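Undergrad: Quick one: the structure is below, questions incoming.
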Amino acid sequence: MKIVSIAALLAAFMLAGCAGAQFRLPEISDADVNRASLTVAGETDNLPKHYRTAEENRAMVNRAASRLEAAAPALCVYAHAPRCTFNVVYVADDTVNAQTNGTRIEIYRGLLQYLDSEEEVAAVIGHEMGHEIAQHVEEMRENATIGAVLAGILMGGAMVATGYQDPQAMNDSMRLGASVGVLSFSKEQEREADLLSAYLLARANYDLQKAGRVWVVLSKMDGETHASMFDTHPAGPERVAAWEKAIAEVEASPNKLPQE
Ligand SMILES: [Zn+2]
């Protein structure tokens with residue numbers, strides 16, 4: 001039965017990887033990535049920390065969230081987002097983290113302490129809003145359901161074929177299939193969230209160059225972040241390079257909307 005479970009898992013994995021992007025993602029070359037690597041290498045290894053009060057952190061998060069939400073409607077309509085209101089909260093916890101469950105965006109103190117400016121905070125919030133605008137969590141849940149059903153079908157088929165009945169194995173298999181689907185956003189979804197963040201920031205009149213430092217900081221911290229959503233985020237030079245490309249794209253865009 002083990003082989004069948006692995007086959008079911010693989011099928012679920014493949015489905016989970018299917019969650020693509022709605023918009024055209026910036027193309028990045030090796031030269032772009034190399035240039036970004038130099039930028040990352042140029043940033044100090046000893047990242048300065050900011051010790052702000054809870055009130056200061058909360059105010060910064062709320063300010064950025066309001067500005068981005070006010071700038072979002074045209075993008076929401078364009079992306080067919082089911083709603084365009086966002087519940088952004090500050091979490092007083094030292095984990096280096098930011099995440100969304102689809103309806104609630106959490107920004108952790110542990111991440112904020114490494115950020116220099118409201119622009120950088122806005123880039124992170126814009127990324128999480130991007131996941132919500134593009135309905136990435138919903139896509140992920142669909143994949144989880146499909147993964148569970150598929151794992152169950154494969155397992156059931158195997159039981160019929162072998163004449164072996166084991167409801168427990170069937171349940172385990174379905175649960176496994178579902179968990180594979182909810183494991184994380186796909187790389188395309190992460191890149192799309194960054195792209196939408198760039199458009200949101202531009203619409204909110206944030207300085208995109210200044211905001212981009214956050215991806216350099218996260219590249220520096222790659223491997224040092226705790227178990228968090230950021231672990232599944234692309235935090236390398238590739239992300240820095242993609243942001244640079246996104247800036248150029250946003251500046252050249254007449255309607256400040258991404259291309260489908
Ligand atoms: Zn993300």
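The values are calculated or read from the model by the stated rules, or taken from the named source; none is laboratory data. Quick caveat: nothing in here was measured; it's all calculated off a predicted structure. Quick reminder, even Gly has a Cβ in these numbers, built from the backbone with ideal geometry, and neighbours come from all protein chains shown. What goes into the accessible areas is simple: the full protein's heavy atoms, side chains included, and nothing from ligands, DNA or RNA. Shrake-Rupley method; radii C 1.70, N 1.55, O 1.52, S 1.80 Å.
Undergrad: Return the pair list, or none, for Cβ contacts closer than 7 Å from residues in segment 187-210 that are of a type in the set (D, E, K, R) and away from the ligand (no atom under 16 Å from the Cβ) to residues that are outside any helix (DSSP H, G or I) and open to solvent by 60 Å² or more (accessible area, probe 1.4 Å), at least 6 apart or on different chains.
TA: Pairs that qualify, where the first residue is of a type in the set (D, E, K, R) and away from the ligand (no atom under 16 Å from the Cβ) and the partner is outside any helix (DSSP H, G or I) and open to solvent by 60 Å² or more (accessible area, probe 1.4 Å), are Arg203/Lys256.
Undergrad: Do you know which residues across segment 105-126 are closer than 12 Å to Phe86 by Cβ and either open to solvent by less than 10 Å² (accessible area, probe 1.4 Å) or away from the ligand (no atom under 14 Å from the Cβ) (or both)?
TA: Result: Ile105, Ile107, Ile125, Gly126.
Undergrad: Any residue in segment 115-143 that is in a loop (DSSP other than H, G, I, E, B) sitting within a Cβ distance under 6 Å of a residue that is within 12 Å of the ligand (Cβ to nearest atom)? List the pairs, counting only those 6 or more apart or interchain.
TA: Close Cβ pairs (under 6 Å, with a partner that is within 12 Å of the ligand (Cβ to nearest atom)) amount to Ala134/Glu192.
Undergrad: It is to be established whether one or more residues within segment 232-241 are within 16 Å of the ligand (Cβ to nearest atom), assigned to a helix (DSSP H, G or I) and modelled with pLDDT under 80. Let's see the steps before the verdict.
TA: Of the residues in segment 232-241, the ones within 16 Å of the ligand (Cβ to nearest atom) are 232-236, 238-240.
Going one step further and asking which of them are assigned to a helix (DSSP H, G or I), we end up with 232, 238-240.
Next, from what is left, pick out any that are modelled with pLDDT under 80: 232.
Yes, segment 232-241 contains at least one residue that is within 16 Å of the ligand (Cβ to nearest atom), assigned to a helix (DSSP H, G or I) and modelled with pLDDT under 80.
Undergrad: Can you tell me which residue within segment 217-231, out of those that are more than 14 Å from the ligand (Cβ to nearest atom) and either part of a loop (DSSP other than H, G, I, E, B) or open to solvent by 10 Å² or more (accessible area, probe 1.4 Å) (or both), is modelled with the lowest pLDDT? Give the steps one after another, and end with the answer.
TA: Pass one, segment 217-231, residues more than 14 Å from the ligand (Cβ to nearest atom): 217, 219-224, 226-227.
From what is left, the residues that are either part of a loop (DSSP other than H, G, I, E, B) or open to solvent by 10 Å² or more (accessible area, probe 1.4 Å) (or both) are 219-224, 226-227.
Working: Ser219: 89, Lys220: 87, Met221: 83, Asp222: 72, Gly223: 57, Glu224: 56, His226: 46, Ala227: 41.
Out of the qualifying residues, it is Ala227.
Undergrad: Condition first: small (Gly, Ala, Ser) and part of a strand (DSSP E or B). Now tell me which residues in segment 70-101 satisfy that. Spell out the reasoning first.
TA: Taking segment 70-101 as the starting set, the residues that turn out to be small (Gly, Ala, Ser) are 70-72, 74, 79, 81, 92, 98.
Listed by number, the list holds a single entry, Ala98.
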